[in-house]
Each structure stands twice: as C-alpha cells, then as structure tokens.
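Down below is the structure, laid out as structure tokens.
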C-alpha cells in the first residue's frame, strides 16, 4: 500500500484540510498520514479563526512518520507562518521527498486571509522550487502573481508569471471564473489549465450550479497526490483528480447551512 503525507490545517467540520485529504487518500487505496499546521475554527459557513502550530511542533509530528514509513507522495495545504514553511522546506530537502504537491492555500472561500505576506513570500521562495506541481485557484493565483484575471485569455500569462517565481508546473483551477460577473455559468464547462513546463493541457468537465464546493481545492490536490503515489504521471494524475472532484461535487450530500462538503466516498 502506498503511503501519502498531508501537512495542512484541520477543518473541524471535516470538509477541507487534513480530514478531506485523508478521506481522499483512502478513496484511492492509499494510506494517509498527516501533520497539523493549524487548528482552524470553521464550518460550511466560513472560517472564524485558528490556533497555529509552531515550526517545532510540525517537525516533531512529521519526523516520526518519516522515520517509520516510506512516503510515496506528499502535499501541503494551509501553512500559516514563515517559520512553518521554512521548516517544511528543510524536511522535504533533507528527506529527499518526491511527488510533492503544493496547494497554496492563502484565502478561504469566505474571504478569510489564511497567511500573511511574509509567509506567502516564503511559500513562493522555498516551496515552489521543490514542488512537482502547484495548484492555485484564481484568487490564490492573483495574490501570488500580483496580476488580475479578466478572462480565459489571462491563464497563460499568469501561469508563466508563477513559473517565473520558481514553480515548474502549475495547475490553474478555473472554477472561480463563474463567480460574480466574470462569466455566466449556463452552458459553460469547468476548465482547469495545467501548464506542464511549456505544455498546456486543458481539463474540462460539466459545471454544476451548486454551493457544494467546500474543500474542493484540498480534495483535488490530495487526489493528485494519491495518484502520483500510485505511479501515475502528472497529466494522468491531474486528469483522474479532476474527474474525482467533479463526481464528488455532483453527488455531494448537501450538509450544513453554507457551502456543503463534497462526497469523498465517490468511486470513479
């Protein structure tokens, strides 16, 4: 059995963060391990705060896992401070960890900023160059690149900007294009744009008019991680993960009074 590691925050409502990652690893037949970076206070309606772990705490959680297991792939999610990010960079380098997925969680769906500018700079400088793939959504990509999305034509230039900051391969998630006045969702497809070096791969699926979107980014990155652990290449892993999340949205249980979690039990 392949072993995956998630280093991320805890969502006590179970839809995002480490709990979503572990459920997703299991859905693909992988064994999940985890180290907590932050205990957040949230539910389907929003993020209301959190208590962050120290870099020392993250190291002391992670090292026993690495001493005991062979990690086939890992992902990061919410990394709240520069100190934690710097420590994770050391862990990845010193243990020669491979199949590294960075989900740059910088802002919640409800608009809550999850990391400050110093932490974001360290995330870009230290983790992007070590990663195999970085998976920002549109608001995250805008903050990372300092550029604005106006239409689908902006995907390439923003991806190239993020690559110039150190990321080798960038998956830009396009779901937020349908929010507000950017586009009308009717008849549209949910497209994700994967820049594998200089190659562009577009992944397309039906767009569902739904509020069941809690934890979609975490789940997508975890599904990519699991499939890399299983030996898939990056294009295959992204394609499978896209289908998994799309089906999990379609069959979401519609729980809570806000943005429902998706269905992590779905089978492709």
| message | Kindly evaluate residue 157 against the criterion of being more than 30 Å from residue 30 (Cα to Cα) and either at pLDDT below 90 or in a strand (DSSP E or B) (or both). | response | no
| task | Could you check, for the range 209-221, whether at least one of its residues is within 26 Å of residue 34 (Cα to Cα), part of a loop (DSSP other than H, G, I, E, B) and in contact with a strand residue (DSSP E or B) (Cβ under 8 Å, 6 or more places away or on another chain)? | result | yes
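For the range 26-130, give me every one of the helices (runs of 4 or more DSSP H) that falls completely inside it and has 1 or more residues that are closer than 15 Å to residue 6 by Cβ and in contact (Cβ under 8 Å) with a residue 12 or more places away in the chain.
Working: elements: 55-68, 82-94, 117-122.
Passing ranges, in order: 55-68, 82-94.
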| request: Give 56, 87, 70, 93 a once-over and let me know the one that is buried (at least 20 other Cβ atoms within 10 Å of the Cβ) and farther than 30 Å from residue 211 by Cα. | output: 87
| request: From the list 129, 80, 136, pick out the single residue that is surrounded by fewer than 24 Cβ atoms within 10 Å (Cβ to Cβ) and out of contact with any strand residue (DSSP E or B) (no Cβ under 6 Å at 6 or more places or on another chain). | output: 129
| Looking only at residues in the range 5-48 that are out of contact with any strand residue (DSSP E or B) (no Cβ under 8 Å at 6 or more places or on another chain) and over 14 Å from residue 263 (Cα atoms), which one is modelled with the highest pLDDT? | 29
| query | Looking at the range 172-197, which of the residues that are assigned to a loop (DSSP other than H, G, I, E, B) and out of contact with any helix residue (DSSP H, G or I) (no Cβ under 9 Å at 6 or more places or on another chain) is modelled with the lowest pLDDT? | reply | 181
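The values are calculated or read from the model by the stated rules, or taken from the named source; none is laboratory data. Source: prediction; values computed, not measured. Note that each Cβ is placed from the backbone with ideal geometry, even for glycine, and that neighbours are counted across all protein chains shown.
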